[in-house]
1. Would you work out which of 16, 61, 235 lies farthest towards the positive end of the dipole of the chain, given +1 charges on the beta-carbon of Lys and Arg and -1 on that of Asp and Glu, about the Cα centre?
2. Taking the Cα centre of the stretch 178-233 as origin and charging only Cβ (+1 Lys, Arg; -1 Asp, Glu), how large is the dipole, in debye to the nearest 20?
3. When the distances between all Cα atoms of the chain are binned every 20 Å from zero, what whole-number percent does each bin get?
4. Give the separation of the Cα centroids, the stretch 91-163 to the stretch 263-286, in Å.
5. In 10 Å bins starting at 0, how do the alpha-carbon pair distances of the stretch 148-300 split up by percent?
6. Whole number please: convex hull volume per residue, Cα atoms of the stretch 1-148, in Å³.
7. Which order do 293, 36, 10 fall in if you start with the one that has the fewest other Cβ atoms within 10 Å?
8. Using the Cα centre as the reference, give the magnitude of the dipole from point charges on the C-beta atoms of the chain (Lys, Arg: +1; Asp, Glu: -1; all else neutral), rounded to the nearest 20 debye.
Amino acid sequence: MNDFVKIVEVGARDGLQNEKSVIHFEQRLELLNRLVQSGFKSIEVGSCVSPRWVPQMDKSTDLYAALEKPEQVNFSLLVPNIKGLEAALQVGCKEIAVFTAASESFAHKNINCSIDESFARFEPIFALAKQHNIKVRGYVSCVVDCPYEGAIDPQKVAMTAKRLFDLGCYEISLGETIGTATPIRVRQMLQACLDVIPVECIAGHFHDTYGMAIANIAESLNQGIRIFDSSIAGLGGCPYAKGATGNVATEDVVYLLEQSGFQTGIDISALLSAGDFITAVLQRENQSHFAKVYQAKSLI
Ligand code: HMG
Ligand code: MG
């Protein structure tokens with residue numbers, strides 16, 4: 001259906017991985033249950049990375065195991081290496097996401113290896129994933145700017161995305177990691193990627209540091225992209241990209257899409273209630289413009 005846009009809810013992973021405090025297991029579980037009730041069909045549960053690198057994501061596999069998983073929802077775990085996949089397999093995970101970058105410096109800071117080395121790590125992951133019939137999504141970080149190298153050449157992004165696609169990723173999520181991009185630069189980057197990857201296999205993953213994420217999504221829609229990652233309440237950031245704020249808020253993405261004639265399948269009331277829950281737990285403000293207006297109105 002051409003007017004349907006898929007939203008991949010990444011708040012429980014990309015959002016919570018960057019919180020200063022470690023969120024209790026039961027609270028993470030409650031958030032995930034509420035996301036399911038809000039109608040998401042694709043939810044990132046957490047990551048199987050080193051707890052020394054990202055302690056907030058510890059016990060993500062236990063979380064996956066504890067979660068009630070309706071059949072129509074795809075739950076995934078982020079995996080950096082074969083050890084991560086083995087952990088994911090132990091709890092019966094059916095979808096994983098691997099991640100690399102279009103910037104060498106960012107790859108070193110984030111995963112302690114070069115881009116080529118990250119692809120070498122992916123090879124056994126894909127072999128094992130194929131054996132177990134696991135779907136693999138792929139992320140490319142720093143698709144417009146890198147916090148260490150500055151502007152990234154769109155051709156380098158396209159080449160990295162194509163490598164992931166050729167390895168067998170069914171979908172490539174283009175990570176605008178530090179939220180500095182503007183629509184014209186997003187268009188240039190997307191056009192390079194669209195030359196080598198089918199449009200239906202590309203997702204936009206925008207962080208909102210400069211408040212440009214919604215404009216960048218609007219531009220991506222113009223380029224034919226129909227899959228976007230977002231975080232409830234705009235939670236998130238990246239522990240290896242200093243100053244980068246959260247992902248674009250899901251509530252605002254839903255508003256943009258539904259007001260533009262697209263369908264998302266999201267129950268906005270349930271989503272707002274889930275946002276109230278997690279922002280109360282974190283004792284932080286909801287970053288969504290839509291949620292703030294809604295809260296203000298409900299106080300009148
Ligand atoms: P390393 O230190 O080079 O790895 O880290 P190592 O193989 O030498 O292992 C070191 C220790 O980590 C060992 O433990 C391993 O067992 C353990 P020790 O023997 O010393 O006690 N270890 C693991 N433990 C649990 N699960 C694992 C695992 N692998 C090794 N899978 C490594 C390399 C990749 C592990 C590390 O750099 C890491 O975990 N990095 C993760 C960083 C991360 O999670 N970043 C945030 C996610 S990416 C992101 O947010 C961007 C995105 O949103 C898109 C965008 O916005 O751009 C996706
Ligand atoms: Mg991210």
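1. 61
2. Values: 3 positive and 5 negative charges, 20 e Å.
For the stretch 178-233, the charge dipole is close to 100 debye.
3. 37, 60, 3
4. Rounded to whole Å, the Cα centres lie 30 Å apart.
5. 11, 38, 34, 14, 2, 0
6. Numbers: hull volume 19.3 nm³, N = 148.
Cα-based convex hull of the stretch 1-148, divided per residue, equals 130 Å³.
7. Details: 293 12, 36 20, 10 28.
Listing 293, 36, 10 from fewest to most nearby Cβ atoms yields 293, 36, 10.
8. For this selection, approximately 280 debye.
Quick note: the coordinates plus some simple rules give every number you see, no bench work behind them. All figures in this text were calculated on a predicted structure; none of them were measured in a lab. Counting neighbours? That spans all protein chains shown, and the Cβs are built from the backbone with ideal geometry, glycine included.
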